[in-house]
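To start, the structure itself, in structure tokens.
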Amino acid sequence: MTAQLIDGKAIALETRKALRPRVEALIEKGITPGLTVIMVGDNPASAVYVRNKEKASQKLGMNGTVLHLPEETVEEELIALVKKLNADDTVHGILVQLPLPKHIEEKKVLNAIDPQKDVDGFHPVNAGKLLIGEKAYVPCTPKGVIRLLKTTGVELSGKNAVVIGRSNIVGKPMALLLLQENCTVTIAHSRTQNLSEITKQADILVAAVGKPNFVSGDMVKPGAIVIDVGINRVEDKLIGDVNFDEAKEVASFITPVPGGVGAMTIAMLMENAVEAAENYAAK
Ligand code: GUN
């Protein structure tokens, strides 16, 4: 069998297009959706992501701003900036690009963001709301994965879903979102024993490990939907967590890297930012 490709790039483009009228309606009301991204230091990968976020928001007619702070920035300064943006009525979404330099405690900074402006969905208030099934800002990558799964037309309810990875940004929220879709969810991670026996039970397999080609074809259940969240730079190429060439022979649907989940993440960030501006407008 050769799997059908889930074209994240095309789906992301459609998603972003669908946001246009919502942005225009806000602008007509005199509210230009404002997304401010803070980046500390010069991590080259982060610089690319941040620039893409800025470009995507500006393309939509939003007020996309990137604030670059030097590597030496101290925690107090960064938190003071976040608080200033919290109080700024022209800023509806705030995103602090991770990772932060080691001398800054990420948790303290994320906790300082107003939950209503937390378009990343990383604040404990939003994480807690997601846990108990209340309306919340949902982290962009797992939110994008659910959208991609829905485009396959495959019924998610009742399916066995296995998520490999337990990070706060991807693995845990991914598992909760799949649970909301009535999947039977297993979270596997670096200490999991007999991993391939578990992954072979998965109708939906989400790999968020951060190791190139970690998931081999023989770990995939025939007919499974395989979602590859990994973006690993190997020499000058981007490689997923899934061995694509092997898995595509076994799966029914599969996401490529690049052009799969990554493209969707920015589209979901745009959606969260528009939602934040709409919520502000409704106040
Ligand atoms: N670094 C890598 N991915 C992300 C993300 O989704 N949000 C933030 N804030 N930082 C990241």
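Please order ASP228, ASP203 by the number of other Cβ within 10 Å, starting at the fewest. The partial results should precede the final answer.
Details: ASP228 29, ASP203 19.
In order of increasing Cβ crowding within 10 Å: ASP203, ASP228.
Quick one: of the DSSP bridges fully inside the chain, what percent are antiparallel, nearest 5?
Antiparallel: roughly 10 percent of the beta bridges in the chain.
Contact order normalised by length for segment 225-264, with contacts defined as Cα pairs under 8 Å and 6 or more residues apart; what percent is it?
For segment 225-264, the relative contact order is 48 percent.
From the square roots a ≥ b ≥ c of the eigenvalues of the alpha-carbon gyration tensor of segment 37-120, which class results: rounded (a/c under 1.5), prolate (a/b over b/c), or oblate?
oblate
Residue by residue through segment 255-271, what is 3J(HN,Hα) from phi via Karplus (6.51 cos²θ - 1.76 cosθ + 1.60, θ = phi - 60°)? Round to whole Hz and write x for glycine and proline.
With coefficients 6.51, -1.76 and 1.60, one gets 9, x, 10, x, x, x, 5, x, 5, 6, 4, 5, 4, 5, 5, 4, 4 Hz.
Remind me, relative contact order of the chain in percent, using alpha carbon pairs under 8 angstrom and six or more residues apart?
Details: 570 pairs, mean separation 64.9, N = 283.
Relative contact order here is 23 percent.
In percent, how large is the relative contact order of segment 1-116, given Cα pairs closer than 8 Å and 6 or more residues apart?
About 29 percent, as a whole number.
At a Förster radius of 25 Å, what calculated FRET efficiency corresponds to the Cβ-Cβ distance of LYS135 and ALA25, to the nearest 0.05?
According to the calculation, E is roughly 0.75.
Ranking THR151, THR15 by Cβ neighbours within 10 Å, fewest first, what do you get?
Details: THR151 14, THR15 19.
Going from sparsest to densest Cβ surroundings: THR151, THR15.
State, to one decimal in nm, how far the label point of GLU77 lies from the label point of GLU14, with both points 7 Å from Cα in the Cβ direction.
Each label point is offset 7 Å from its Cα along the Cβ direction, giving 4.6 nm.
Can you give me the distance in nm between label points at THR152 and ALA87, each placed 7 Å from the Cα along the Cα-to-Cβ direction?
In this crude spin-label approximation the distance works out to 4.9 nm.
Which of the lysines could a cross-linker bridge to LYS283, judged by Cα under 27 Å and excluding same-chain residues fewer than eight apart?
LYS17, LYS29, LYS53, LYS59, LYS83, LYS84, LYS117, LYS129, LYS135, LYS143
Give me, ordered by chain and number, the residues 5 or more places off PHE122 or on other chains with an amide H under 5 Å from its own placed amide H.
Under 5 Å from the amide H of PHE122 lies no amide H from a residue far enough along the sequence or on another chain.
Over the Cα atoms of segment 171-283, what is the Rg over Rh ratio if Rh follows Kirkwood?
My calculation puts Rg/Rh at 1.04.
May I ask for the angle, rounded to the nearest 10°, between helix 44-59 and the longest principal axis of the chain, with both axes built from Cα atoms and the value confined to 0 to 90°?
The answer is roughly 70 degrees.
Sticking to Cα atoms, compute the Rg of the chain to one decimal and its Dmax as the biggest Cα-Cα distance, whole number, in Å.
Values for the chain (Cα only, Rg and Dmax): 18.9, 57 Å.
So how do SER216, SER252, SER57 line up by other beta-carbon neighbours within 10 Å, fewest first?
SER216, SER252, SER57
Compute the signed sum of charges (Lys and Arg +1, Asp and Glu -1) over the other residues within less than 12 Å, Cβ to Cβ, of ILE187.
So the environment of ILE187 carries a net charge of +3.
Roughly speaking, what is the centre-to-centre gap between segment 171-247 and segment 46-119 when only Cα atoms are used, to the nearest Å?
30
Every number here is computed from the coordinates shown, using simple stated rules; none is lab data. Bear in mind that the values here come from a model prediction, so they are computed numbers and not experimental data. Methodologically, a virtual Cβ is constructed for each residue, glycine included, from the backbone with ideal geometry; neighbour enumeration extends over all protein chains shown.
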